[in-house]
1. Counting only DSSP beta bridges with both residues in region 67-341, tell me the antiparallel percent, nearest 5.
2. Please tell me which of these pairs span more than 28 angstrom C-alpha to C-alpha: LYS99/LYS124; LYS240/LYS334; LYS240/LYS340; LYS146/LYS284; LYS139/LYS395; LYS108/LYS351?
3. Between ARG447 and LYS340, what is the FRET efficiency for a Förster distance of 56 Å, r being their Cβ-Cβ separation, to the nearest 0.05?
4. Separation between the ALA349 and LEU54 pseudo-spin-labels, each 7 Å from Cα along Cα→Cβ, expressed in nm?
5. Take the alpha carbon gyration tensor of region 294-340, find the square roots of its eigenvalues, order them as a ≥ b ≥ c, and report rounded if a/c is under 1.5; if not, report prolate when a/b exceeds b/c, else oblate.
6. Any chance you could list P(r) for region 324-374, counting all Cα-Cα pairs in 5 angstrom bins from zero, rounded to whole %?
7. Can you give me the convex hull volume of the Cα atoms of region 90-158, divided per residue and expressed in Å³?
8. Per 10 Å bin from zero, what fraction in whole % of the C-alpha pairs of region 266-362 is there, up to the bin with the longest pair?
Amino acid sequence: MLSNLAARDVETLIHPYTNLETFRETGPLVIERGHGVWVYDSDGRPYLEGMAGLWCTALGYSNEELVEAASEQMARLPFTHLFSGRSHDPAIELAEILKELMPVPTSKIFFTSSGSEANDTQVKLTWYMNNALGRPRKKKILSHIKGYHGVTVATASMTGLPANHADWDLPLPGFLHVGCPHHYRFAEAGESEDAFTTRLAAELEALILREGPETVAAFVAEPVLGAGGAILPPAGYYAKIQAVLDRHDVRFIADEVICGFGRLGTWFGSEAMGMAPDSLSFAKALTSGYLPLGGISVDEPLYRLMVQQSAKLGTFGHGTTYSGHPVACAVALKTIAIYKRDRIIEGVAEKAPQFQARLSALADHPLVGEARGIGLIGGIELVADKASRRQYEPKAGVAARVVAFAQAEGLIVRFLAGDRVAVCPPLVIAPSEIDTLFDRLGRALDRTE
Ligand code: PLP
């Protein structure tokens, strides 16, 4: 029997990424408030938020300084925009700070409201750039099978997950997917990590040569693949990929929407994973999830081409009403100030060994095939048979059951395709709370059959 609030939800709301059939029976988990790393449902029950909301609430809940930053900006200037040369000081200051922080050559910052819009902008700018350079055939976009890059027509095309393609008439032509760098699941029998990554790089190069390098524009990749399974690529993988991209003049774009701002124990995931991209996309932890804000870095050569195109076309024809919303920028400024003042990213690096040790220990559980991660993110894969790594039947729903038992234990984690469970708590989680998280996850696994 659903509560009154839950019944009203079922009657009125469409939920993203939800089975709309079973949802009519189960109804929603209505979250009412949060404090620190804890959230409370409408009956007052506490849950350790082991997913930082949706990989974003890095500073946890009820951070008074972020509330004040939003409130002050809201009172002073709740809205103005960046169109037609208009500006405001929170966007200017934030762009200056981000330019300093970017681990890639950065001339300018372009703001969006979400990760999808950031990656969509990357695709459009890549096409725009190649037109400006007089190479109109160089337009194809590569990304990983199991990569996640968003839901717009272009970014859902880049995403390498069946739910984003089936019956959506996607991917669009010109969006191609390459092998997922998940050694546990996709390596051949006896293949070392080194041999596996060498093979993936060779397959990438073969694809580029087959398509024609003059038609391949960019490769977009997450440092750690998030929504596709919290998958950690093997060490050295990206260096091999990068060498191939460099040989064929293919732009390398890092999707840092989850990994940016400390998740891996470095400011950006590219640094932890040995990536040297041409540009990166960011969102989520930029505001600790308190308000929607994303963006991309633009290097000087690209920026000069954009200026050249404005001279030709009369304007830079791209941007949304809320690109660089002043209240979101004010919250981002405060978020970054707190990351620096409270040494949040150094703190992630300090807590990572405990987090990863507790995570890896789950690999001893009879249901768990792999438990792996980096920094404060990790994924576990549930298997029907550990020795052969055989997966459950697609409809078995075992990861969903683990997540439901975790919820009953007072822990929020997330199940992902391929019977994987992701863990990605707020960066401010205390060592004792890391233990609570894994104690509860262990009990949830014990309860699952
Ligand atoms: N890129 C990555 C790596 C993501 O994880 C996400 C969202 O989870 C996106 C892009 C899309 O961001 P948004 O949901 O803000 O559009």
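Derivation of every value follows stated rules applied to the coordinates shown; laboratory data play no part. All values derive from a computational prediction rather than experimental measurement. All Cβ positions, even for glycine, are placed from backbone atoms using ideal geometry, and neighbour counts span all protein chains on display.
1. Values: 8 of 23 bridges.
Antiparallel bridges make up about 35 percent of those DSSP assigns within region 67-341.
2. LYS240/LYS334; LYS240/LYS340; LYS139/LYS395; LYS108/LYS351
3. Working: r = 42 Å, r/R0 = 0.74.
About 0.85, to the nearest 0.05.
4. Simple spin-label model gives 3.1 nm for this pair.
5. On the way: a/c = 4.69, a/b = 1.98, b/c = 2.37.
Oblate shape, in that a/c is at least 1.5 and b/c is the bigger or equal ratio.
6. Binned Cα distances yield the sequence 5, 18, 15, 13, 12, 11, 11, 9, 6, 2, 0.
7. 115 Å³
8. 13, 30, 33, 17, 6, 2
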